[in-house]
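The numbers here are math on the coordinates, done by the rules we state, and not lab data. Given the structure is predicted, the values throughout are model-derived calculations rather than measurements. Here the Cβ is made from the backbone with ideal geometry for all residues, glycine too, and neighbour counts use every protein chain on show.
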Amino acid sequence: MEAKGLASHVQFSQKAERRRLTIEGLADVDGGNTVNHRFVQAWADSVDGEKPISLPPQ
């Protein structure tokens, strides 16, 4: 496969993967599979501290 054809294939593959992940993410939101933003922020703020909080169970 020549370089131009390979680049086109890679670009298509990336777009297809991005679309798949977007659809999967939207299905998670529709199904209520989300994490509260305040909890995520509290977790991120605690990561470098002496007592980091745990991630919620999935």
Exercise. Any idea what angle helix 3-30 forms with the longest principal axis of the chain, computed on alpha-carbon atoms, 0 to 90 degrees, nearest 10?
Worked result: 40 degrees
Exercise. Against the longest principal axis of the chain, how steep is helix 37-46, in degrees 0 to 90 to the nearest 10, with axes from Cα atoms?
Worked result: 80 degrees
Seminar exercise, completed: One checks the Cα atoms of the chain and finds Rg and Dmax, in Å, of 18.7, 54
Exercise. Toward the positive end of the charge dipole of the chain, about the Cα centre and with charges on Cβ (Lys, Arg +1; Asp, Glu -1), which of V35, S13, S54 goes farthest?
Worked result: S13
Problem set entry | Nitroxide proxy distance, nm - points 7 Å out along Cα→Cβ at S13 and Q41 | 3.9 nm
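What does the helix-only formula give at 222 nm for the chain: each DSSP H stretch with n ≥ 4 adding -39500 (n - 2.57), the total divided by the residues, and the result rounded to the nearest 500 deg cm²/dmol?
-22500 deg cm²/dmol
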